[in-house]
Amino acid sequence: MDEIDRAILRELQNDGRLSNQELAQRIGLTPSPCMRRVRQLEQDGVIRGYRAVIDPDAVDRGFEVLVSIEVARDREVVESFEAALQDIPDVIEAYRLFGSPGCLLRIAVSDLRAYERLWIERLTALSGVTEVNSQIIMKRIKEPRGLPVDG
């Protein structure tokens with residue numbers, strides 16, 4: 001990956017809706033080689049997709065909670081737990097961690113009552129869960145803006 005590819009990645013992370021013409025102009029290429037490079041980055045799996053960034057409040061998901069979960073240290077239990085998370089749309093991110101806690105979730109729901117219902121009906125009911133700790137997000141200080149792509 002060279003500096004032109006990195007420039008393409010920076011621009012597309014800032015605005016994934018750029019036309020090829022505009023992208024090419026911004027990085028100093030003509031449209032045809034710019035498009036070839038973008039397609040190659042897509043084929044190589046460097047660019048994994050394009051998404052819209054949605055305002056959580058606009059879709060009634062403005063109440064966010066970080067949840068640390070301890071799961072029994074058994075391979076089948078962990079795999080079952082991770083598979084079950086895929087079926088809970090309120091869980092918008094999930095990470096398996098080294099050490100304790102064993103798992104960290106980011107959850108987006110409408111309000112405290114919705115989170116309490118999720119906590120009681122889904123999270124604590126998952127197989128292998130031994131502990132659930134919640135931290136309600138007061139304020140997002142830094143929004144995700146993409147990955148640094150400097151060489």
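The values are calculated or read from the model by the stated rules, or taken from the named source; none is laboratory data. None of these values were measured; they are calculated from a predicted model. Reconstructed Cβ throughout: ideal geometry from the backbone, glycine too, with neighbour counts over all protein chains shown. The accessibility values were calculated without ligands, DNA or RNA, using every heavy atom of the protein model including side chains. Shrake-Rupley method; radii C 1.70, N 1.55, O 1.52, S 1.80 Å.
Can I54 be described as of a type outside the set (D, E, K, R) and surrounded by 12 or more Cβ atoms within 10 Å (Cβ to Cβ)? Even if it seems obvious, please write down each step before you answer.
Numbers: of a type outside the set (D, E, K, R): yes; surrounded by 12 or more Cβ atoms within 10 Å (Cβ to Cβ): no.
Judged against the criteria, I54 is not a match.
Among the residues of segment 100-118, write down those that are open to solvent by less than 90 Å² (accessible area, probe 1.4 Å), at pLDDT 95 or above and more than 18 Å from the chain's Cα centre (by Cα).
S110, D111, A114, Y115, L118
For the condition more than 18 Å from L147 (Cβ to Cβ) and either of a type outside the set (S, T, Y) or surrounded by 14 or more Cβ atoms within 10 Å (Cβ to Cβ) (or both), what is the one hit in Q21, Q13? Before the answer, list the steps.
Details: Q13 fails: more than 18 Å from L147 (Cβ to Cβ).
Result: Q21 is the single residue among Q21, Q13 that is more than 18 Å from L147 (Cβ to Cβ) and either of a type outside the set (S, T, Y) or surrounded by 14 or more Cβ atoms within 10 Å (Cβ to Cβ) (or both).
Condition test on S32, is it open to solvent by less than 60 Å² (accessible area, probe 1.4 Å), out of contact with any Ser or Thr (no Cβ under 7 Å at 6 or more places or on another chain) and among the hydroxyl-bearing types (S, T, Y)? Break it down into steps so the answer makes sense when it comes.
Values: open to solvent by less than 60 Å² (accessible area, probe 1.4 Å): no; out of contact with any Ser or Thr (no Cβ under 7 Å at 6 or more places or on another chain): yes; among the hydroxyl-bearing types (S, T, Y): yes.
Taking the combined requirement at face value, the residue does not satisfy it.
Somewhere in segment 108-117, is a residue among the polar types (S, T, N, Q) and closer than 14 Å to L85 by Cα?
Kept after step one, since they are among the polar types (S, T, N, Q), are these residues of segment 108-117: 110.
With the extra rule that they be closer than 14 Å to L85 by Cα, the set shrinks to none.
Checking segment 108-117: not a single residue is among the polar types (S, T, N, Q) and closer than 14 Å to L85 by Cα.
Go through (1) over 22 Å from V53 (Cα atoms); (2) in a loop (DSSP other than H, G, I, E, B) one by one and return the number of the condition Y115 breaks.
(2)
Where the second residue is not in a loop (DSSP other than H, G, I, E, B) and the first is polar (S, T, N, Q) and lies in segment 15-38, which pairs have Cβ atoms under 8 Å and are six or more apart or on separate chains?
Every condition considered, the pairs that remain are N20/P31; N20/C34; N20/M35; N20/V38; Q21/P31; T30/A24.
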